[in-house]
1. Looking at (1) more than 11 Å from the ligand (Cβ to nearest atom); (2) in a loop (DSSP other than H, G, I, E, B); (3) of a type outside the set (A, V, I, L, M, F, W, C), which is the one condition that is false for GLU178?
2. Would you tally the residues in segment 205-232 being in contact with a Pro (Cβ under 9 Å, 6 or more places away or on another chain), closer than 22 Å to VAL20 by Cβ and either free of Cβ contacts under 8 Å to residues at least 24 places away in the same chain or more than 12 Å from the ligand (Cβ to nearest atom) (or both)?
3. With respect to ALA25, determine if the residue is among the small types (Gly, Ala, Ser), closer than 23 Å to ASP149 by Cβ and within 10 Å of the ligand (Cβ to nearest atom).
4. How many of the residues in segment 131-160 are over 15 Å from GLY244 (Cα atoms), of a type in the set (Gly, Ala, Ser) and within 14 Å of the ligand (Cβ to nearest atom)?
5. What's the number of the condition ARG49 fails, among (1) within 9 Å of the ligand (Cβ to nearest atom); (2) more than 21 Å from ARG225 (Cβ to Cβ); (3) in contact with a helix residue (DSSP H, G or I) (Cβ under 9 Å, 6 or more places away or on another chain); (4) of a type outside the set (Phe, Trp, Tyr)?
6. Pull out all pairs, ordered by first then second residue, where Cβ-Cβ is under 6 Å, the residues are six or more apart or on different chains, the first lies in segment 53-79 and is over 17 Å from ILE29 (Cα atoms), and the second is basic (Lys, Arg).
7. Tally the residues that are of a type in the set (Ser, Thr, Tyr) and either outside any loop (DSSP other than H, G, I, E, B) or free of Cβ contacts under 8 Å to residues at least 12 places away in the same chain (or both), restricting the search to segment 1-50.
8. Of GLU115, GLU85, which residue is away from the ligand (no atom under 16 Å from the Cβ), in a helix (DSSP H, G or I), without any contact (Cβ under 8 Å) to a residue 12 or more places away in the chain and of a type in the set (D, E, K, R)?
Amino acid sequence: MSAVPADYQPRADLLAGRTVLITGAGDGIGRAVAEACAAHGATVVLLGRTVRKLERVYDAIVDAGHPEPAIYPMDLLGAAPTHHEELAQRVDSELGRLDGLLHNAGILGPMTAIERYDPDQWARVFQVNVHAAFLLSRACLPLMRRTGDASMVFTSSGVGRHGRAYWGAYACSKFAIEGLSQVLADEVQNEGRVRSNCISPGPVRTAMRAAAFPGEDPQRLLTPREVVIPYLYLLGPDSRGLNGASVDAQSR
Ligand code: NDP
């Protein structure tokens, strides 16, 4: 389903004065969306586990003359509820607001049959892909509610809507993310201050896609930069009123 207008083009100052937090911002889709948000005026909080990658994104944004981002190194696998709460407090005390939150970080885990799936690996995939998104949403909601027009975006996948053999915990985690987004959307519907939607990026040329489809020719896939427009739409003010949707980034 696509709720993004087919001809949508974000205006240059779409996110001016706004703060957007992106998880998994050091690579792949997260990096491209972070750079696009900054290019449209946002102060971006770059969350990820590899500092070297976050620094590269920071440099690219600053070199391009966009608002200076903030780097927040955090391994979502080991982060406790208090770590998420500390993050929300830091964003509040140092930046004063949070208008957009993209839950983008994710891991694929093993591609194997359920009966052979290692339980520890299963738990790790759920920790990063689902529990971290729950903990971060929970910690950031009070701050986001204050702006009056904030957007929470969760990252789904085609296998989060139709289960497929050997996609194991990854597919199940994406079903859970669709559920988390819908439950939250229903809870915030009447307030109208925060909205919650899902995006499924479709096949995109990243390290994760290459790991899942090693025989595929990556040149046939869109690059992360080529899929950022629906993300900008969901994160910015133009999607105000859209809540509880699940959007396909590549079917505009
Ligand atoms: P990448 O593997 O390229 O990037 C994932 C990002 O998540 C990386 O920056 C990675 O950090 C970060 N990350 C992973 N584990 C953790 C952790 N424990 N703590 C903090 N950060 C972490 O993936 P994509 O860009 O392809 O995927 C982005 C999202 O899109 C994911 O949710 C994925 O499931 C989804 N998706 C992607 C599709 C595709 O075709 N690419 C299709 C459908 C959905 P680091 O670089 O340090 O490892």
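The values are calculated or read from the model by the stated rules, or taken from the named source; none is laboratory data. Computed from a prediction, not measured in an experiment: that's the story for all the values here. Neighbour counts are summed over all protein chains in view; Cβ atoms, including those assigned to glycine, are modelled from backbone coordinates with ideal geometry.
1. In the conditions (1) more than 11 Å from the ligand (Cβ to nearest atom); (2) in a loop (DSSP other than H, G, I, E, B); (3) of a type outside the set (A, V, I, L, M, F, W, C), GLU178 misses (2) alone.
2. The total comes to 3.
3. Yes; evaluated as a whole, the condition is true for this residue.
4. Number of matching residues: 5.
5. (3)
6. The qualifying pairs are ASP75/ARG49.
7. 3
8. One residue alone meets the criteria, GLU115.
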